[in-house]
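See structure below.
The values are calculated or read from the model by the stated rules, or taken from the named source; none is laboratory data. Treat the numbers as computed from the prediction; the structure is a model and nothing was measured. Note that each Cβ is placed from the backbone with ideal geometry, even for glycine, and that neighbours are counted across all protein chains shown.
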Amino acid sequence: MKKSMVALALVALMVLTILLAGCGSEAVGTLQFKANGEDFVRQGFVSKDGWSINFDHIYVNLADVTAYQTDPPYDPHDAGEIEADVEVELDGSYTVDLAEGGEDAEPILVGQVVDAEVGHYNAISWEMVRATSGPAAGYSLVIMGAAVKGNQTIDFTINIEEEYGYACGEYVGDERKGIVEEGETADVEMTFHFDHVFGDVEAPMDDHINVGAIGFDPFAATAENGRVDIDLAGLQAEIAANDYQTLVETLPTLGHVGEGHCHCY
Amino acid sequence: MSGNWKLLFGLAFVLVMIGWPLVVHAHGVSIEYTSNVEVEVVARYDTGGPMAGAQVVVYAPDDPGTPWLTGTCDDDGRFIFTPDSSKPGTWDVQVRLAGHGGMIHIPVGEGMVGTGGTGGYSVTQIVLMAVCVIWGIAGTALYFMRKRA
């Protein structure tokens, strides 16, 4: 009798402990995912070949957007997979307009996870996939705007049907991002560098940014009645082979984390 | 903003001595010294040119959100600092100049334990620990309650 009472008490203690442990929640905060085309997109810029470019819309279709706590920190130059202790992901895909808002607009909020485990999210990955609906339907990236050079104005829509995946380390910039504290909000950023495609007249012409960029002249050469509306397949057919090769080698370098580089897969 | 430049960070750990302050007693005198590990970071563009004058921000592992030290690289792209040996873990060093930038992670101290932080034990770990403790208590109780032959 005495023995069964003790056993019963032990079982009750075990159940109570498990219940208490289950009730104890981990510390969480909110992690926001943002997309940023930087000032080049919001304010326009002059390409390496002298075209003054302003953007009306830049639609990117994002999927599998995931942030990670990695230790040791993920290094994209290793070109490996991200191995994480903790990860949080946005469900679904999102078409965002990087040109949305005025010249001083904030980066675009893509989504957020309100129960992100606290800690430092020092790596992020995402994919640019073809949208199934919306303004970018059929494409992973749609660049719309106007380019002016001298007395020539070209309205353009450049459609990219290729898909890309980016694995990145920590954001590099003015502030440190991704540090989630209990009950607080932090953010991580997907940054897109469009000067890699068009070049930048303000950078030296022998700078890698201009050497590796296609500029706007090849796009302008495909214009009909002052308008360019073309996709990668069309570009492959219409522009010089070396220009097309430059473009396909440049597009994978669009994705960054601030000034930090990513591995494109 | 940034170019497609890959930054190369050369690292040299100039090891003066590893360890915490040591005291040697020798016939009526006490000689003390404090040891430190000096870290030298060299930042270059992938063209090989030094990132002269680049901004450097150092983050200690116990407070990743607050710069522990800021400074600039010298003409050779070199920056030297001495981490606080009482803060073992991964020290992060960010180097930026005119739109080009990168970050390097330096393990310092015993264990080389990073401090990205995952917020303590998970629920699963807590439950497992609780079960183990209870199992130990139950086993002990049953041992003393056993019928002696």
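Of the set (1) touching a helix residue (DSSP H, G or I) at 6+ places or on another chain (Cβ under 9 Å); (2) in a loop (DSSP other than H, G, I, E, B); (3) of a type outside the set (Lys, Arg); (4) crowded, with 23+ Cβ neighbours inside 10 Å, all apply to A:TYR74 but (1). Does B:ALA43 satisfy the condition of being surrounded by 20 or more Cβ atoms within 10 Å (Cβ to Cβ) and at pLDDT 85 or above? Taking the combined requirement at face value, the residue satisfies it.
A:GLY80 fulfils the conditions (1) assigned to a loop (DSSP other than H, G, I, E, B); (2) within 14 Å of chain B (Cβ to nearest Cβ) except for a single criterion, (2). Checked against (1) surrounded by fewer than 18 Cβ atoms within 10 Å (Cβ to Cβ); (2) in contact with a helix residue (DSSP H, G or I) (Cβ under 8 Å, 6 or more places away or on another chain); (3) more than 21 Å from A:ASP200 (Cα to Cα), A:GLN152 meets all criteria but (3).
With respect to the conditions (1) farther than 25 Å from A:TRP126 by Cα; (2) in a strand (DSSP E or B); (3) touching a Lys or Arg at 6+ places or on another chain (Cβ under 8 Å), A:ALA186 falls short on a single one, namely (1). Screening A:ASP91, A:ASP71 for residues that are more than 19 Å from A:GLY37 (Cα to Cα) and within 14 Å of chain B (Cβ to nearest Cβ) leaves exactly one candidate, A:ASP71. Is there a residue in region A:124-141 that is in contact (Cβ under 8 Å) with a residue 40 or more places away in the chain, in a strand (DSSP E or B) and within 14 Å of chain B (Cβ to nearest Cβ)? Checked region A:124-141: at least one residue is in contact (Cβ under 8 Å) with a residue 40 or more places away in the chain, in a strand (DSSP E or B) and within 14 Å of chain B (Cβ to nearest Cβ).
Scan region A:142-181 residue by residue and report those that are within 14 Å of chain B (Cβ to nearest Cβ) and part of a loop (DSSP other than H, G, I, E, B). Answer for region A:142-181, where residues must be within 14 Å of chain B (Cβ to nearest Cβ) and part of a loop (DSSP other than H, G, I, E, B): A:GLY169, A:GLU170, A:TYR171, A:GLY173, A:ASP174, A:GLU175, A:ARG176, A:LYS177, A:GLY178, A:GLU181. Within region A:214-246, the only residue that satisfies the criterion of being out of contact with any strand residue (DSSP E or B) (no Cβ under 7 Å at 6 or more places or on another chain) and in a strand (DSSP E or B) is A:GLU224. Taking the criterion of being surrounded by fewer than 20 Cβ atoms within 10 Å (Cβ to Cβ) and at pLDDT 95 or above, the residues of region A:165-188 that qualify are A:GLY165, A:GLU181, A:GLU182, A:GLY183, A:GLU184, A:THR185. Quick check on this structure: which one of A:ASP49, A:ASP71, A:ASP75 is among the acidic types (Asp, Glu) and within 30 Å of A:ASN151 (Cα to Cα)? Answer to the selection: A:ASP49. Taken over region B:79-95, the criterion of being surrounded by fewer than 19 Cβ atoms within 10 Å (Cβ to Cβ) and closer than 23 Å to A:ASP174 by Cβ is satisfied by B:PHE81 alone.
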